[in-house]
Amino acid sequence: MSLKPTNRMNKKSKNINNFASLFKQKSIEDRLFEASNLINFVELKKDRSALPELELAIKLLEENLLDYGDCETSALLLARLFLWQDRLEEALELCNKILNLNKYNYLGLHIRGIVQLHMGEVDGAIIDLLFLHKINPEHGLVAWNLANAYFLDKKYKLAWSVFDRANSVLFNNYPKVPLWSGEDLDNTNIILTQYNSRGGGDDIMYAQIIPEVLNIVKSAFIETDPRTFSLYQQSFKGQNIFLSGDTPWVDHTKIDFQIMVPSLGTLFRQEEFQFKNTNSYLKPAHTEIKRWDKLTKRIANKNLKVGICWRSLISIGLTGPFSSNLDDWGEILKIPDISFFELQYDESEKERQRAENLFNTEIHKLDNVDMMTEFEKISAICLNMDIVISAVTTVALIANASGARVWELRPKYTALDMSGLPCFPNRQIYSRGHSESWKTVLSQVARDLNKLMNESRE
(Lines give C-alpha, C1' and ligand atoms only; values in the text may rest on other atoms or scores of the structure.)
Protein backbone atom coordinates (compact mmCIF):
# COMPACT_ATOMS: atom_id res chain seq x y z
CA MET A 1 0.00 0.00 0.00
CA SER A 2 1.31 3.44 -0.96
CA LEU A 3 1.59 6.19 1.63
CA LYS A 4 1.08 8.89 -1.02
CA PRO A 5 -1.09 11.85 0.06
CA THR A 6 -4.53 12.34 -1.42
CA ASN A 7 -5.56 15.30 -3.59
CA ARG A 8 -7.26 16.79 -0.55
CA MET A 9 -3.84 17.11 1.08
CA ASN A 10 -2.29 18.79 -1.96
CA LYS A 11 -4.94 21.53 -2.26
CA LYS A 12 -4.02 22.97 1.14
CA SER A 13 -0.36 23.46 0.17
CA LYS A 14 -0.72 25.73 -2.86
CA ASN A 15 0.25 29.10 -1.44
CA ILE A 16 3.56 28.37 0.23
CA ASN A 17 7.01 29.86 -0.18
CA ASN A 18 8.53 29.17 -3.61
CA PHE A 19 11.58 27.95 -1.74
CA ALA A 20 10.02 24.49 -1.91
CA SER A 21 10.83 24.32 -5.62
CA LEU A 22 14.55 24.41 -4.79
CA PHE A 23 14.19 20.96 -3.21
CA LYS A 24 12.35 19.37 -6.10
CA GLN A 25 15.49 17.64 -7.36
CA LYS A 26 16.84 16.84 -3.91
CA SER A 27 16.99 13.35 -2.44
CA ILE A 28 14.45 11.98 0.04
CA GLU A 29 17.07 12.30 2.79
CA ASP A 30 17.74 15.96 1.98
CA ARG A 31 14.04 16.79 2.04
CA LEU A 32 13.59 14.98 5.35
CA PHE A 33 16.58 16.78 6.81
CA GLU A 34 15.27 20.17 5.72
CA ALA A 35 11.70 19.38 6.88
CA SER A 36 13.03 18.32 10.29
CA ASN A 37 15.01 21.56 10.59
CA LEU A 38 11.90 23.56 9.73
CA ILE A 39 9.84 21.66 12.32
CA ASN A 40 12.50 22.33 14.97
CA PHE A 41 12.42 26.02 14.05
CA VAL A 42 8.62 26.12 14.43
CA GLU A 43 8.79 24.45 17.83
CA LEU A 44 11.44 26.91 19.03
CA LYS A 45 9.59 29.93 17.64
CA LYS A 46 6.32 28.87 19.32
CA ASP A 47 4.09 31.42 17.58
CA ARG A 48 2.30 31.88 14.27
CA SER A 49 5.08 33.95 12.76
CA ALA A 50 6.56 30.52 11.94
CA LEU A 51 3.54 29.49 9.84
CA PRO A 52 5.43 29.82 6.49
CA GLU A 53 8.09 27.41 7.78
CA LEU A 54 5.40 24.97 8.91
CA GLU A 55 3.69 25.08 5.50
CA LEU A 56 7.02 24.58 3.75
CA ALA A 57 7.79 21.53 5.90
CA ILE A 58 4.38 20.10 4.98
CA LYS A 59 5.07 20.70 1.28
CA LEU A 60 8.44 18.93 1.42
CA LEU A 61 6.93 15.92 3.19
CA GLU A 62 4.02 15.74 0.74
CA GLU A 63 6.46 15.77 -2.18
CA ASN A 64 8.42 12.96 -0.55
CA LEU A 65 5.28 10.85 -0.39
CA LEU A 66 4.35 11.70 -3.97
CA ASP A 67 7.81 10.74 -5.23
CA TYR A 68 8.58 7.94 -2.74
CA GLY A 69 5.24 6.51 -1.65
CA ASP A 70 6.66 4.13 0.96
CA CYS A 71 8.54 6.70 3.08
CA GLU A 72 7.20 5.89 6.55
CA THR A 73 9.19 8.64 8.27
CA SER A 74 7.74 11.30 5.97
CA ALA A 75 4.22 9.94 6.56
CA LEU A 76 4.62 10.03 10.35
CA LEU A 77 6.01 13.55 10.34
CA LEU A 78 3.26 14.72 8.01
CA ALA A 79 0.54 13.15 10.17
CA ARG A 80 2.01 14.98 13.15
CA LEU A 81 1.94 18.33 11.32
CA PHE A 82 -1.62 17.74 10.13
CA LEU A 83 -2.52 17.18 13.79
CA TRP A 84 -0.97 20.56 14.61
CA GLN A 85 -3.25 22.19 12.02
CA ASP A 86 -6.43 20.34 13.04
CA ARG A 87 -6.45 18.55 9.68
CA LEU A 88 -7.53 15.49 11.56
CA GLU A 89 -9.14 13.44 8.79
CA GLU A 90 -5.93 13.68 6.76
CA ALA A 91 -3.79 12.79 9.77
CA LEU A 92 -6.02 9.80 10.53
CA GLU A 93 -5.84 8.61 6.92
CA LEU A 94 -2.04 8.67 7.00
CA CYS A 95 -1.89 6.88 10.35
CA ASN A 96 -4.22 4.15 9.08
CA LYS A 97 -2.04 3.64 6.00
CA ILE A 98 1.07 3.38 8.18
CA LEU A 99 -0.60 0.91 10.54
CA ASN A 100 -1.90 -1.19 7.66
CA LEU A 101 1.74 -1.74 6.72
CA ASN A 102 2.95 -2.16 10.31
CA LYS A 103 0.18 -2.52 12.89
CA TYR A 104 2.63 -2.17 15.80
CA ASN A 105 4.17 1.13 14.73
CA TYR A 106 4.43 2.87 18.10
CA LEU A 107 4.42 6.45 16.86
CA GLY A 108 1.67 5.72 14.35
CA LEU A 109 -0.53 4.32 17.12
CA HIS A 110 0.26 7.26 19.39
CA ILE A 111 -0.56 9.91 16.79
CA ARG A 112 -3.73 8.03 15.80
CA GLY A 113 -4.79 7.84 19.44
CA ILE A 114 -4.38 11.61 19.84
CA VAL A 115 -6.13 12.29 16.52
CA GLN A 116 -9.10 10.13 17.51
CA LEU A 117 -9.37 11.86 20.86
CA HIS A 118 -9.33 15.28 19.19
CA MET A 119 -12.14 14.05 16.93
CA GLY A 120 -14.19 12.89 19.91
CA GLU A 121 -13.73 9.20 19.10
CA VAL A 122 -12.89 8.36 22.69
CA ASP A 123 -13.34 4.57 22.52
CA GLY A 124 -10.95 4.23 19.59
CA ALA A 125 -8.43 6.52 21.27
CA ILE A 126 -8.50 4.45 24.46
CA ILE A 127 -7.83 1.24 22.50
CA ASP A 128 -4.69 2.69 20.86
CA LEU A 129 -3.37 4.55 23.88
CA LEU A 130 -4.03 1.71 26.34
CA PHE A 131 -2.10 -0.68 24.09
CA LEU A 132 0.89 1.68 24.18
CA HIS A 133 0.51 2.33 27.91
CA LYS A 134 0.73 -1.40 28.64
CA ILE A 135 3.99 -1.53 26.70
CA ASN A 136 5.46 1.39 28.65
CA PRO A 137 3.37 2.53 31.68
CA GLU A 138 5.85 5.30 32.47
CA HIS A 139 5.78 7.01 29.08
CA GLY A 140 4.63 10.40 30.34
CA LEU A 141 2.91 11.78 27.23
CA VAL A 142 1.10 8.52 26.42
CA ALA A 143 -0.11 8.28 30.03
CA TRP A 144 -1.24 11.92 29.99
CA ASN A 145 -3.16 11.38 26.73
CA LEU A 146 -4.72 8.17 28.06
CA ALA A 147 -5.69 9.87 31.32
CA ASN A 148 -7.43 12.61 29.33
CA ALA A 149 -9.29 9.94 27.36
CA TYR A 150 -10.51 8.37 30.60
CA PHE A 151 -11.48 11.79 31.98
CA LEU A 152 -13.55 12.44 28.85
CA ASP A 153 -15.12 9.02 29.39
CA LYS A 154 -15.87 10.06 33.01
CA LYS A 155 -13.73 7.24 34.41
CA TYR A 156 -12.10 9.54 36.92
CA LYS A 157 -10.56 7.05 39.34
CA LEU A 158 -8.92 5.12 36.50
CA ALA A 159 -7.71 8.35 34.89
CA TRP A 160 -6.02 9.56 38.07
CA SER A 161 -4.28 6.22 38.60
CA VAL A 162 -2.83 6.29 35.06
CA PHE A 163 -1.75 9.89 35.48
CA ASP A 164 -0.21 9.23 38.89
CA ARG A 165 1.78 6.25 37.63
CA ALA A 166 3.41 8.37 34.92
CA ASN A 167 4.30 11.06 37.47
CA SER A 168 6.31 8.59 39.53
CA VAL A 169 9.30 9.13 37.23
CA LEU A 170 9.41 12.91 37.79
CA PHE A 171 12.32 14.41 39.68
CA ASN A 172 11.96 14.33 43.47
CA ASN A 173 13.25 17.45 45.25
CA TYR A 174 12.96 15.81 48.69
CA PRO A 175 14.30 12.23 48.41
CA LYS A 176 14.60 11.80 52.18
CA VAL A 177 10.86 12.26 52.71
CA PRO A 178 8.62 9.17 52.20
CA LEU A 179 6.26 9.22 49.21
CA TRP A 180 2.56 8.83 49.92
CA SER A 181 1.04 5.66 48.48
CA GLY A 182 -2.57 5.91 49.64
CA GLU A 183 -2.14 5.78 53.43
CA ASP A 184 -4.63 7.41 55.81
CA LEU A 185 -3.78 11.11 56.07
CA ASP A 186 -5.67 11.84 59.27
CA ASN A 187 -3.51 13.83 61.71
CA THR A 188 -0.35 13.56 59.59
CA ASN A 189 2.36 16.08 58.70
CA ILE A 190 2.73 16.32 54.94
CA ILE A 191 4.46 18.20 52.13
CA LEU A 192 2.28 19.07 49.16
CA THR A 193 4.51 19.32 46.10
CA GLN A 194 3.83 20.86 42.72
CA TYR A 195 3.19 18.85 39.57
CA ASN A 196 5.32 21.21 37.53
CA SER A 197 8.49 22.38 39.26
CA ARG A 198 8.02 25.79 37.59
CA GLY A 199 4.41 26.09 38.70
CA GLY A 200 1.78 27.47 36.35
CA GLY A 201 -1.71 26.67 35.13
CA ASP A 202 -1.75 22.96 35.90
CA ASP A 203 -0.81 23.57 39.52
CA ILE A 204 -3.37 26.37 39.81
CA MET A 205 -6.05 23.87 38.76
CA TYR A 206 -4.86 21.06 41.05
CA ALA A 207 -4.74 23.48 44.01
CA GLN A 208 -8.53 23.09 44.26
CA ILE A 209 -7.82 19.95 46.34
CA ILE A 210 -5.62 21.72 48.89
CA PRO A 211 -8.41 23.12 51.12
CA GLU A 212 -9.93 19.66 51.46
CA VAL A 213 -6.72 17.94 52.46
CA LEU A 214 -5.96 20.73 54.95
CA ASN A 215 -9.13 19.72 56.81
CA ILE A 216 -7.69 16.26 57.41
CA VAL A 217 -3.99 16.61 58.13
CA LYS A 218 -2.25 17.90 61.23
CA SER A 219 0.02 20.24 59.26
CA ALA A 220 1.03 20.84 55.67
CA PHE A 221 3.95 22.50 53.93
CA ILE A 222 2.80 23.73 50.52
CA GLU A 223 5.41 24.00 47.79
CA THR A 224 5.07 26.85 45.30
CA ASP A 225 7.12 29.05 43.00
CA PRO A 226 7.72 32.84 43.04
CA ARG A 227 4.79 33.58 40.73
CA THR A 228 2.25 31.91 43.00
CA PHE A 229 3.85 32.51 46.41
CA SER A 230 1.94 35.60 47.59
CA LEU A 231 -1.38 34.31 46.17
CA TYR A 232 -1.00 31.05 48.09
CA GLN A 233 -0.07 32.94 51.25
CA GLN A 234 -3.34 34.85 51.00
CA SER A 235 -5.39 31.82 49.97
CA PHE A 236 -4.12 29.31 52.55
CA LYS A 237 -3.54 31.54 55.55
CA GLY A 238 -1.79 30.02 58.51
CA GLN A 239 -0.21 27.31 56.37
CA ASN A 240 3.46 26.82 55.64
CA ILE A 241 3.97 28.15 52.09
CA PHE A 242 7.51 27.66 50.78
CA LEU A 243 9.43 28.03 47.55
CA SER A 244 10.40 24.91 45.63
CA GLY A 245 13.72 23.52 46.82
CA ASP A 246 13.54 25.00 50.32
CA THR A 247 13.13 22.70 53.35
CA PRO A 248 11.44 24.75 56.11
CA TRP A 249 10.36 21.67 58.09
CA VAL A 250 13.89 20.48 58.79
CA ASP A 251 14.86 20.46 62.49
CA HIS A 252 11.34 21.00 63.88
CA THR A 253 8.71 18.88 62.10
CA LYS A 254 8.77 15.17 61.33
CA ILE A 255 7.14 14.76 57.93
CA ASP A 256 5.08 11.62 57.36
CA PHE A 257 4.63 11.89 53.58
CA GLN A 258 5.24 14.04 50.56
CA ILE A 259 2.36 14.14 48.07
CA MET A 260 2.26 15.62 44.61
CA VAL A 261 -1.04 17.52 44.70
CA PRO A 262 -2.68 15.85 41.65
CA SER A 263 -2.04 12.46 43.27
CA LEU A 264 -4.80 13.39 45.70
CA GLY A 265 -7.26 13.22 42.83
CA THR A 266 -7.51 9.47 43.48
CA LEU A 267 -8.86 10.33 46.94
CA PHE A 268 -10.85 13.54 46.44
CA ARG A 269 -11.99 13.50 42.78
CA GLN A 270 -13.29 9.99 42.02
CA GLU A 271 -16.79 11.14 41.03
CA GLU A 272 -18.07 14.07 39.01
CA PHE A 273 -20.03 15.58 41.92
CA GLN A 274 -16.74 16.00 43.84
CA PHE A 275 -15.71 18.74 41.39
CA LYS A 276 -18.73 20.95 42.11
CA ASN A 277 -17.20 23.14 44.86
CA THR A 278 -14.10 24.20 42.99
CA ASN A 279 -14.67 27.95 42.62
CA SER A 280 -13.03 30.72 44.67
CA TYR A 281 -10.30 28.74 46.40
CA LEU A 282 -7.66 31.33 45.45
CA LYS A 283 -8.07 34.66 47.23
CA PRO A 284 -5.90 37.70 46.55
CA ALA A 285 -5.44 40.29 49.27
CA HIS A 286 -8.42 42.60 49.74
CA THR A 287 -6.14 45.61 49.33
CA GLU A 288 -5.07 44.26 45.91
CA ILE A 289 -8.69 43.82 44.84
CA LYS A 290 -9.56 47.38 45.91
CA ARG A 291 -6.52 48.83 44.12
CA TRP A 292 -7.48 47.26 40.77
CA ASP A 293 -11.13 48.11 41.32
CA LYS A 294 -10.17 51.79 41.51
CA LEU A 295 -7.86 51.62 38.48
CA THR A 296 -10.24 49.72 36.20
CA LYS A 297 -13.26 51.86 37.13
CA ARG A 298 -11.27 54.98 36.30
CA ILE A 299 -10.80 53.58 32.78
CA ALA A 300 -14.21 51.98 32.23
CA ASN A 301 -16.43 54.47 34.07
CA LYS A 302 -19.91 52.91 33.67
CA ASN A 303 -18.98 50.54 30.84
CA LEU A 304 -19.01 46.78 31.23
CA LYS A 305 -15.46 45.58 31.96
CA VAL A 306 -14.38 42.61 29.85
CA GLY A 307 -10.94 41.04 30.07
CA ILE A 308 -9.72 39.20 26.96
CA CYS A 309 -6.98 36.65 26.36
CA TRP A 310 -7.19 35.21 22.86
CA ARG A 311 -4.34 32.75 22.63
CA SER A 312 -1.81 30.64 24.45
CA LEU A 313 1.87 31.51 24.73
CA ILE A 314 2.48 28.65 22.26
CA SER A 315 0.12 29.40 19.37
CA ILE A 316 1.58 26.96 16.84
CA GLY A 317 2.37 23.28 17.05
CA LEU A 318 0.53 20.64 19.02
CA THR A 319 -1.31 23.20 21.18
CA GLY A 320 -1.94 25.56 18.27
CA PRO A 321 -5.66 24.65 17.95
CA PHE A 322 -6.23 26.15 21.43
CA SER A 323 -5.45 29.66 20.21
CA SER A 324 -7.71 32.05 18.34
CA ASN A 325 -6.67 35.03 16.21
CA LEU A 326 -7.57 38.48 17.53
CA ASP A 327 -8.55 39.49 13.98
CA ASP A 328 -11.53 37.12 14.38
CA TRP A 329 -12.85 38.96 17.46
CA GLY A 330 -14.42 41.79 15.47
CA GLU A 331 -18.06 41.04 16.38
CA ILE A 332 -17.10 41.16 20.06
CA LEU A 333 -14.79 44.17 19.94
CA LYS A 334 -17.34 46.32 18.08
CA ILE A 335 -20.03 45.97 20.79
CA PRO A 336 -20.60 49.43 22.32
CA ASP A 337 -20.49 50.37 26.02
CA ILE A 338 -17.79 47.82 26.83
CA SER A 339 -14.26 48.57 28.02
CA PHE A 340 -11.93 45.78 26.94
CA PHE A 341 -8.85 44.97 29.00
CA GLU A 342 -6.02 42.90 27.58
CA LEU A 343 -5.04 39.91 29.72
CA GLN A 344 -2.58 38.48 27.22
CA TYR A 345 0.62 37.51 29.01
CA ASP A 346 3.27 37.80 26.31
CA GLU A 347 4.25 40.25 23.58
CA SER A 348 1.05 41.23 21.82
CA GLU A 349 1.30 44.93 21.01
CA LYS A 350 1.16 44.49 17.22
CA GLU A 351 -1.91 42.23 17.46
CA ARG A 352 -3.66 44.65 19.79
CA GLN A 353 -2.91 47.73 17.67
CA ARG A 354 -4.01 45.96 14.50
CA ALA A 355 -7.33 44.98 16.11
CA GLU A 356 -7.87 48.50 17.43
CA ASN A 357 -7.40 49.89 13.91
CA LEU A 358 -9.51 47.19 12.25
CA PHE A 359 -12.48 47.51 14.60
CA ASN A 360 -12.20 51.15 15.69
CA THR A 361 -11.99 50.23 19.36
CA GLU A 362 -9.57 50.44 22.26
CA ILE A 363 -8.13 47.51 24.16
CA HIS A 364 -6.68 48.76 27.43
CA LYS A 365 -3.27 47.50 28.48
CA LEU A 366 -2.87 47.74 32.26
CA ASP A 367 0.36 49.11 33.69
CA ASN A 368 2.23 47.92 36.76
CA VAL A 369 1.48 44.23 36.30
CA ASP A 370 3.45 41.42 34.72
CA MET A 371 0.78 39.08 33.37
CA MET A 372 3.38 36.33 33.08
CA THR A 373 4.56 36.25 36.68
CA GLU A 374 2.38 38.22 39.13
CA PHE A 375 -0.40 35.74 39.80
CA GLU A 376 -1.93 37.55 42.78
CA LYS A 377 -2.35 40.73 40.73
CA ILE A 378 -3.85 38.69 37.86
CA SER A 379 -6.33 37.16 40.29
CA ALA A 380 -7.36 40.59 41.60
CA ILE A 381 -7.68 42.04 38.09
CA CYS A 382 -9.87 39.15 36.93
CA LEU A 383 -12.13 39.59 39.95
CA ASN A 384 -12.62 43.20 38.87
CA MET A 385 -13.77 42.20 35.40
CA ASP A 386 -17.48 41.71 34.75
CA ILE A 387 -16.46 38.89 32.41
CA VAL A 388 -13.18 37.28 31.43
CA ILE A 389 -13.22 35.85 27.89
CA SER A 390 -10.18 33.66 27.44
CA ALA A 391 -8.61 30.79 25.61
CA VAL A 392 -7.36 27.93 27.78
CA THR A 393 -4.43 29.64 29.49
CA THR A 394 -2.95 30.13 32.93
CA VAL A 395 -4.84 33.44 33.07
CA ALA A 396 -8.15 31.59 32.52
CA LEU A 397 -7.28 29.07 35.24
CA ILE A 398 -6.39 31.82 37.72
CA ALA A 399 -9.64 33.62 36.90
CA ASN A 400 -11.68 30.44 37.37
CA ALA A 401 -9.90 29.50 40.59
CA SER A 402 -10.48 33.00 41.98
CA GLY A 403 -14.22 32.90 41.31
CA ALA A 404 -14.32 35.37 38.42
CA ARG A 405 -16.99 35.05 35.74
CA VAL A 406 -15.24 33.25 32.88
CA TRP A 407 -16.30 32.52 29.33
CA GLU A 408 -13.72 30.00 28.17
CA LEU A 409 -12.81 29.22 24.56
CA ARG A 410 -11.62 25.65 24.07
CA PRO A 411 -11.49 22.75 21.64
CA LYS A 412 -14.44 20.42 22.12
CA TYR A 413 -12.15 17.41 22.54
CA THR A 414 -8.45 17.25 23.30
CA ALA A 415 -5.78 14.83 24.46
CA LEU A 416 -3.62 17.63 25.78
CA ASP A 417 -5.44 19.65 28.40
CA MET A 418 -6.62 18.45 31.81
CA SER A 419 -8.39 21.73 32.50
CA GLY A 420 -11.23 20.09 30.56
CA LEU A 421 -12.08 18.27 33.79
CA PRO A 422 -15.50 19.25 35.20
CA CYS A 423 -13.88 21.81 37.49
CA PHE A 424 -15.17 25.35 37.87
CA PRO A 425 -18.90 24.70 37.43
CA ASN A 426 -19.57 28.45 37.12
CA ARG A 427 -17.52 28.92 33.95
CA GLN A 428 -19.28 29.07 30.61
CA ILE A 429 -17.54 27.01 27.93
CA TYR A 430 -17.59 27.85 24.23
CA SER A 431 -16.20 24.82 22.45
CA ARG A 432 -14.96 24.51 18.90
CA GLY A 433 -15.24 21.33 16.89
CA HIS A 434 -12.08 20.53 14.96
CA SER A 435 -13.68 21.39 11.61
CA GLU A 436 -15.13 24.69 12.88
CA SER A 437 -13.42 28.05 12.78
CA TRP A 438 -12.86 30.12 15.89
CA LYS A 439 -14.74 32.92 14.12
CA THR A 440 -17.93 30.83 14.28
CA VAL A 441 -17.50 30.26 18.02
CA LEU A 442 -16.67 33.92 18.63
CA SER A 443 -19.88 34.93 16.82
CA GLN A 444 -21.83 32.99 19.46
CA VAL A 445 -19.84 34.72 22.20
CA ALA A 446 -20.72 38.08 20.61
CA ARG A 447 -24.42 37.20 20.52
CA ASP A 448 -24.39 36.23 24.19
CA LEU A 449 -22.46 39.36 25.12
CA ASN A 450 -24.92 41.54 23.21
CA LYS A 451 -27.79 39.80 24.99
CA LEU A 452 -26.12 40.46 28.34
CA MET A 453 -25.65 44.12 27.45
CA ASN A 454 -29.30 44.47 26.43
CA GLU A 455 -30.45 42.90 29.68
CA SER A 456 -28.25 45.25 31.71
CA ARG A 457 -29.83 48.27 29.96
CA GLU A 458 -33.39 47.22 30.84
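Key figures
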{"quantity": "Restricting the range 163-175 to residues that are touching a Ser or Thr at 6+ places or on another chain (Cβ under 9 Å) and within 20 Å of Ile255 (Cα to Cα), the residue that is modelled with the highest pLDDT", "calculated": "Tyr174"}
{"quantity": "Condition check for Leu152: among the aliphatic types (A, V, I, L, M), surrounded by 15 or more Cβ atoms within 10 Å (Cβ to Cβ), modelled with pLDDT of 95 or more and not assigned by TED's automatic domain parsing to the domain that holds Thr228", "calculated": "no"}
{"quantity": "Criterion (outside the structural domain of Ser402 (by TED's automatic domain parsing), out of contact with any Pro (no Cβ under 6 Å at 6 or more places or on another chain) and closer than 25 Å to Asn400 by Cβ) met by exactly one of Asp123, Asp128, Asp184, Asp203", "calculated": "Asp203"}
{"quantity": "Residue ID - surrounded by the fewest Cβ atoms within 10 Å (Cβ to Cβ), chosen from residues in the range 428-458 that are part of a loop (DSSP other than H, G, I, E, B) and hydroxyl-bearing (Ser, Thr, Tyr)", "calculated": "Ser435"}
{"quantity": "Lys334 at pLDDT 95 or above, farther than 20 Å from Lys439 by Cβ and not aliphatic (A, V, I, L, M)", "calculated": "no"}
{"quantity": "Hits in the range 173-189 (condition: free of Cβ contacts under 8 Å to residues at least 40 places away in the same chain and among the polar types (S, T, N, Q))", "calculated": "Ser181, Asn187"}
{"quantity": "Near pairs, Cβ below 7 angstrom, 6+ apart or cross-chain, from the range 260-280 (of a type in the set (Asp, Glu)) to any residue that is modelled with pLDDT under 95 and surrounded by fewer than 21 Cβ atoms within 10 Å (Cβ to Cβ)", "calculated": "Glu272/Lys154; Glu272/Pro422"}
{"quantity": "Total residues in the range 414-439, condition among the hydroxyl-bearing types (Ser, Thr, Tyr), under 19 Å from Phe82 (Cβ atoms) and modelled with pLDDT of 90 or more", "calculated": "2"}
{"quantity": "Residue in the range 255-266 that is modelled with pLDDT under 95, surrounded by fewer than 16 Cβ atoms within 10 Å (Cβ to Cβ) and polar (S, T, N, Q) present", "calculated": "no"}
{"quantity": "Meets criteria (under 30 Å from Phe82 (Cβ atoms), touching a strand residue (DSSP E or B) at 6+ places or on another chain (Cβ under 8 Å) and buried (at least 20 other Cβ atoms within 10 Å of the Cβ)) for Ile389", "calculated": "yes"}
{"quantity": "Condition check for Gly120: within 19 Å of the chain's Cα centre (by Cα) and either surrounded by fewer than 19 Cβ atoms within 10 Å (Cβ to Cβ) or modelled with pLDDT of 95 or more (or both)", "calculated": "yes"}
{"quantity": "Flag for Asp337 being surrounded by fewer than 22 Cβ atoms within 10 Å (Cβ to Cβ), without any contact (Cβ under 8 Å) to a residue 12 or more places away in the chain and over 15 Å from the mean Cα position of the chain (by Cα)", "calculated": "no"}
{"quantity": "Single residue of the range 268-308 satisfying the filter (more than 22 Å from Ala159 (Cα to Cα) and among the basic types (Lys, Arg)) that is modelled with the lowest pLDDT", "calculated": "Lys302"}
{"quantity": "Subset tally (residues that are in a helix (DSSP H, G or I) and farther than 19 Å from Ala396 by Cα) for the range 294-318", "calculated": "6"}
{"quantity": "Only one of Glu376, Glu288, Glu351 that is out of contact with any strand residue (DSSP E or B) (no Cβ under 9 Å at 6 or more places or on another chain) and closer than 25 Å to Leu421 by Cβ", "calculated": "Glu376"}
{"quantity": "Selection from the range 387-427 of residues that are more than 12 Å from the chain's Cα centre (by Cα) and assigned to a helix (DSSP H, G or I)", "calculated": "Ile398, Ala399, Asn400, Ala401, Ser402"}
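Listed here are the residues, each with its yes/no results for (1) surrounded by fewer than 17 Cβ atoms within 10 Å (Cβ to Cβ); (2) within 26 Å of Leu452 (Cβ to Cβ); (3) among the aromatic types (Phe, Trp, Tyr).
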site: His286; (1), (2), (3): yes, no, no
site: Asn301; (1), (2), (3): yes, yes, no
site: Ser323; (1), (2), (3): no, yes, no
site: Asp327; (1), (2), (3): yes, yes, no
site: Leu358; (1), (2), (3): yes, yes, no
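To keep it simple, each residue is scored yes or no on (1) assigned to a helix (DSSP H, G or I); (2) at pLDDT below 95; (3) of a type in the set (Lys, Arg); (4) over 20 Å from Lys24 (Cβ atoms).
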residue: Asn64; (1), (2), (3), (4): yes, yes, no, no
residue: Asp70; (1), (2), (3), (4): no, yes, no, no
residue: Ala75; (1), (2), (3), (4): yes, no, no, no
residue: Ile98; (1), (2), (3), (4): yes, no, no, yes
residue: Gly108; (1), (2), (3), (4): yes, no, no, yes
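The values are calculated or read from the model by the stated rules, or taken from the named source; none is laboratory data. Note that this is a predicted model, so its numbers are computed, not measured. All Cβ positions, glycine included, derive from the backbone under ideal geometry; neighbour counts span all protein chains shown.
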